[in-house]
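One structure is given below, encoded as structure tokens.
The values are calculated or read from the model by the stated rules, or taken from the named source; none is laboratory data. Everything quoted here is computed from the prediction, not taken from an experiment. When we count neighbours, we look across all protein chains shown, and the Cβ atoms used for this are built from the backbone with ideal geometry, even at glycine. SASA here: full protein model, heavy atoms, side chains in, ligands and nucleic acids out. Shrake-Rupley method; radii C 1.70, N 1.55, O 1.52, S 1.80 Å.
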Amino acid sequence: MHRFRAVIAALTLGVPFAASAAEITRIASSFEDDDPFDLFLDVGFERTQTRAKIVREQLRDGDATNVPEVNELWYKGVDARLNLAVAFGLWKDLEFSFKLPIVFQQNETWNFVSGTTQGNSTITNSCFNADGSPYSTTEGCVGRLFQVPQESYRGGLGNVHFGLAYAFFNQEKDNTKPTWIVGIDYEAPTAKQRDPSLDNTDPDGDRGNVGDRVHKYQLYTTFSRKMGVAEPYFKASHTIPVRGPGAYSNCDQSSAPAPGNLGAPYNCYREPWTRQETGIKAPSQTALTFGMELVPFENAAKSQKFTLDLRLLGNYVGRGRYYNELSSALRKLLTSDDYLQVGGQVGVTARAAEAFTIRASGNFLYNTDHLLTSESIGQDLNGDGTVDTAVGSPELNPTFDWRYDLVSRRFRAIQSTTFRFDLGATFSF
């Protein structure tokens, strides 16, 4: 069997750079003169935690130029999963892979920040309905957007991945060239649909599903070049989402009793507000990874090696309507603005023998500030240059909510960070 570098498959629902550094340079190759067949089995545990402060715009004194943001919530999301993967060579330097995540938990919590209470929070003292009409009771303006504190629970089988990769150059075969791999990873929408309108707050009840029902095609290229004890590498990828069958639409809630969660439910399924137009619009993503693998110890005779992996990560997440930090609380798909993720990763790999490797890594990402409720108010259908916002207007976006999509009432995620820990093993045959 030709020499390989250990890999732990890291499978995600939208982050395209969670895989270990060894995957960047590893390729399963079969029908070689000295190696008729390559097979890698990867098993790994992954835990990802995202934490963010959620603030909200608040109009002061009716002045549209005076819209400060007030602190509202601390958000925490925890995703723990078992990643299973198999990769084998179809031909020389041509690899096929199959990956499956088992999501143990995908839990979210919302709590007030210090200084914010039920009495002064804009979440528990909302003054409007979803259609923009005033909300009032004998007690005054005390409409509640959602319960705080709150926690939601989800889990189950994740989306299956299929991959195909080819090494145009392989340094193990030709030391005068680097390793250059081009591949595609296809994430199929096999997980059961996640319905954000369902109540998943009971820890003893049925957990919600985790599927977004979106096809994702990730095109990537990787380079690496071993130079003594160091092997610098680079990876670039772009993920293209395509809505799949059974994808969720906010208009699935159009028959809910008033006041409901949509601003203009009467426009649902009327042109141009088709189910596709009001449904999920997953964001495209573009990622860059720069790193270096250092080998302080290696015993080639016993196929033993210890490596240290250092990398820098960057990812651009485009604007889209999808499941974000407030979707489970507000019970609908929400439109988020684009943002950047930047950070780094440190990992170690220990190969005890040619057939067995273990690896651990941790990475930290900072997510730039971005709006979480940024739905467009509608479309100019008659060409007069403005959107008619009168009640009953066919130009109103049915999924727009006047309570939090309107400028001066929008929510934003700030101070957002993500930490991921991976621990796994690779078996090779």
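Observations, loosely collected:
- Scan of region 293-327 for residues that are under 22 Å from TRP110 (Cβ atoms) and either part of a strand (DSSP E or B) or more than 15 Å from the chain's Cα centre (by Cα) (or both), ordered by number: VAL317, GLY320, ARG321, TYR322
- Residues within region 328-346 that are within 15 Å of the chain's Cα centre (by Cα), crowded, with 20+ Cβ neighbours inside 10 Å and of a type in the set (A, V, I, L, M), tallied: 2
- Selection of region 123-159 for residues being at pLDDT below 80 and touching a strand residue (DSSP E or B) at 6+ places or on another chain (Cβ under 6 Å) yields TYR135, GLY143.
- Every condition in (1) free of Cβ contacts under 8 Å to residues at least 24 places away in the same chain; (2) at positive phi holds for SER408 except the one numbered (1).
- Condition met for PHE162 (farther than 22 Å from LYS99 by Cα and among the aromatic types (Phe, Trp, Tyr)): no
- Hey, VAL78 within 30 Å of THR373 (Cβ to Cβ), among the aliphatic types (A, V, I, L, M) and modelled with pLDDT of 95 or more or not: yes
- Scanning region 243-267 for residues that are in a loop (DSSP other than H, G, I, E, B) and over 20 Å from PHE128 (Cβ atoms) turns up GLY244, PRO245, GLY246, ALA247, TYR248, SER255.
- Taken over region 359-412, the criterion of being open to solvent by 10 Å² or more (accessible area, probe 1.4 Å), within 23 Å of the chain's Cα centre (by Cα) and aromatic (Phe, Trp, Tyr) is satisfied by PHE364, TYR366.
- Scanning region 353-382 for residues that are part of a strand (DSSP E or B), touching a Lys or Arg at 6+ places or on another chain (Cβ under 9 Å) and without any contact (Cβ under 8 Å) to a residue 60 or more places away in the chain yields ALA353, PHE364, LEU365, HIS370, LEU371.
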